[in-house]
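The values are calculated or read from the model by the stated rules, or taken from the named source; none is laboratory data. Bear in mind the structure is a predicted one, so any value in this text is a computation, not a measurement. Glycine also receives a Cβ, built like all others from the backbone with ideal geometry; neighbour counts cover every protein chain displayed. Ligands, DNA and RNA are stripped out before the accessible areas are found, and what is left, the full protein with its side chains, is counted by its heavy atoms. Shrake-Rupley method; radii C 1.70, N 1.55, O 1.52, S 1.80 Å.
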Amino acid sequence: MIRILLACGIGASTGFMAANMRKAAKAQKLDVSIHAVSKSQVSDYADKIDVLLLGPHFSAEVPEYREMLKEHNVKVTSIDPDSYGALDGESILQDAIDFYHES
C-alpha cells in the first residue's frame, strides 16, 4: 500500500483533491491510502505516510518538508498546478505513484 498525504494551508482544497484521487484509485482497484490535512498537521503523519504532496502554491516549501521528513523516508513534492486547477485526481494519483517508485 502506498500512503499519500496532501497538504495545503488549511487542507480544504486538498481535501477535494484527495476525494477525487480516492475515486480514481477505487475505479482502478489500487491499494493506496489518501488523506488531506493542513500543513501544520504534516508532522503528525510523518511515520504514517510514504508520499507528501504539497499544494502547488506551497512548492517553494518542498525542501523544508523534505528535510523535516527525511528520517521517515517520506518522499515530498508539490502537485502539478495544471492538474490541481482542473481537480484532476486521476493525473495527480498517477504522478504520486510514479514519484513513489522513483529511486
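For the chain, the relative contact order is 33 percent, taking Cα pairs closer than 8 Å that sit 6 or more residues apart in sequence and dividing their mean separation by the residue count. Largest first, the three principal axis extents of the alpha carbons in the chain are 33, 25, 22 Å in whole numbers.
Let me know the whole percent of all Cα-Cα pairs from region 1-45 that are separated by more than 15 Å.
Tail of the P(r) past 15 Å holds 40 percent of the pairs.
Protein heavy-atom surface of the chain, 1.4 angstrom probe: 50% of the accessible area is carbon and sulfur, with nucleic acids and ligands not counted. For the chain, the mean residue ellipticity at 222 nm estimated from helices alone is -12000 deg cm²/dmol, where every DSSP H run of n ≥ 4 contributes -39500 (n - 2.57) and the total is divided by all residues, rounded to the nearest 500. Build a GNM of the chain with springs between Cα atoms under 10 Å apart, and of K48, K39, K75 the one that fluctuates most is K48.
For D98, put the label point 7 Å out on the Cα→Cβ axis and report which residues of region 9-29 keep their amide N under 20 Å from it. Hits in region 9-29 for D98 at 20 Å: 17-18, 20-29.
Backbone geometry of region 57-73 corresponds, through the Karplus equation with coefficients 6.51, -1.76 and 1.60 at θ = phi - 60°, to 3J(HN,Hα) couplings of 6, 10, 4, 5, 8, 3, x, 4, 6, 4, 5, 4, 9, 4, 5, 9, 6 Hz, x marking Gly and Pro.
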